[in-house]
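Coordinate-derived values only; no laboratory data. In this text, all values refer to a predicted model and were calculated from it rather than measured experimentally. So basically every Cβ, Gly included, is an ideal-geometry build from the backbone, and we count neighbours across all protein chains shown.
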Amino acid sequence: MDTTRYYIAFNRVNGIGPARLDRLIAACGSIEAAWHAPLRDLVAAGLEPRLAQALCEQRASLDLDAELEHLARSGISAVSRENPAYPAALATIPAAPPLIYVRGRLSDVDSWAVAIVGTRSPTSYGRDVARRLATDLAAAGVTIVSGLAIGIDALAHEAALEAGGRTIAVLACGVDLIYPERHTTLAARIRTAGAVVSEFPIGLKPMPQLFPVRNRLISGLARGVLVVEADYASGALITVDYALDQGRDVFAVPGSIFSPKSNGPNQLIRNGAALVSSAADILDALDLTRSTSQREIQTALPDGPVEAGILALLSHEPRHIDELRRMLDTPVAEVSAALTLLELKGLVRQHAAMQYVIAR
């Protein structure tokens with residue numbers, strides 16, 4: 001059963017975040033049962049009475065069919081954490097959003113992603129650096145993630161597009177709204193070569209308190225975060241804090257000691273962030289040097305039933321090739337060949353001799 005409608009419904013209730021939603025599902029048995037639960041059961045599941053009452057009122061007023069139709073008409077996909085299209089990297093972060101809204105298209109190749117963040121008012125040095133690094137990373141097949149803001153964010157998105165690469169913009173408002181409005185055209189370009197993403201319901205306008213929350217998705221969608229220019233109070237450093245909590249690598253571009261815009265990156269380097277002088281520094285550190293060839297192989301080689309079966313059976317727990325052969329009822333030579341192709345695509349890896357795990 002497709003449960004997306006219920007994730008959309010809960011996303012509309014202010015005050016029910018990932019932790020509360022998980023408690024409700026655990027108490028009620030399913031997200032559908034949680035949505036239809038009577039007031040007393042919601043309170044028994046741990047919701048404050050006022051919040052439980054608000055949920056009941058929202059339930060009575062929300063037309064889920066109309067909501068789904070509106071999303072479809074607007075070209076917006078609602079991707080719940082139960083959907084295979086939900087980004088694997090995002091699923092690993094603390095308090096991962098149960099639902100994201102997408103305009104454009106997410107892709108498996110976005111697992112090779114780097115976030116580029118920084119000040120809204122870069123120096124000429126910062127502008128040149130952001131363009132150069134984003135261009136070189138995108139040309140190497142790396143997806144560029146940022147927040148569509150004025151300054152470093154926009155420069156990174158634009159450079160990735162001009163290099164023919166993919167880029168993802170994460171918004172602090174509904175994906176049907178673009179903030180800042182001056183980047184409406186840029187957002188439209190991003191949708192053709194990537195995606196515009198938000199965890200916030202459609203129609204929600206940007207508010208100051210939503211930007212720090214949004215930043216955890218910028219780092220969560222990426223393997224590492226690069227700070228180009230930022231002063232001590234910059235929101236880019238909030239993204240760094242999230243990246244560290246999520247186990248992501250942090251990179252920083254050194255800058256002039258005379259520029260306040262370099263205070264943040266220079267401090268990060270003193271605290272252990274990797275110093276970056278070229279895209280190669282990031283590619284090597286994150287083992288992304290093979291991303292271009294892997295992406296080409298993913299595109300060139302068709303998926304067959306054996307490959308699909310292997311991917312369905314593998315997880316992060318190792319499985320021996322003989323076990324896969326038995327479960328697929330397929331000759332070992334075919335299973336071995338399919339595993340080799342999946343390794344080339346970067347979708348599986350060998351954990352030990354003849355034992356395989358999912359690489360996504």
Let me have the relative contact order for the chain, percent, based on Cα pairs under 8 Å that are six or more residues apart. 13
With x for Gly and Pro, the residue-by-residue ³J(HN,Hα) of the stretch 73-83, computed from phi through the Karplus equation 6.51 cos²θ - 1.76 cosθ + 1.60 at θ = phi - 60° and given in whole Hz, is 5, 8, x, 10, 9, 9, 10, 7, 5, 7, 7
Expressed as a whole number of Å, what is the distance separating the alpha-carbon centroids of the stretch 218-251 and the stretch 309-360? 34
Length gain on complete extension for the stretch PHE258 to ARG270, per 0.36 nm per residue less the alpha carbon to alpha carbon distance? 2.7 nm
How many angstrom separate the Cα center of the stretch 102-134 from the Cα center of the stretch 1-41? 35
Using a Förster radius of 56 Å, what is the FRET efficiency between ASP22 and ALA139 based on their Cβ-Cβ separation? Nearest 0.05, please. 0.90
The ratio Rg/Rh over the Cα atoms of the chain, Rh being the Kirkwood inverse mean 1/r radius, stands at 1.00
Nonlocal amide H pairs with THR143, under 5 Å, H built at 1.01 Å: TRP112, ALA113, VAL114
3J(HN,Hα) from dihedral phi, the stretch 346-359, Karplus parametrisation 6.51/-1.76/1.60, rounded to Hz, x for glycine, proline: x, 9, 9, 9, 8, 7, 8, 4, 6, 10, 10, 9, 5, 9
Say each of ARG50 and SER107 gets a label point 7 Å from the Cα, pointing the same way as Cα to Cβ; how far apart are those two points in nm? 4.7
Report the label-to-label distance for LEU313 and SER74 in nanometres (one decimal), using points 7 Å from each Cα along the Cα→Cβ vector. 4.3
Going residue by residue through the stretch 17-29, the Karplus relation 6.51 cos²θ - 1.76 cosθ + 1.60 with θ = phi - 60° gives ³J(HN,Hα) values, rounded to whole Hz and with x marking Gly or Pro, of x, x, 5, 5, 5, 4, 5, 5, 5, 5, 6, 9, x
Relative contact order (%) - the stretch 118-171, alpha-carbon pairs under 8 angstrom, separation at least six: 40
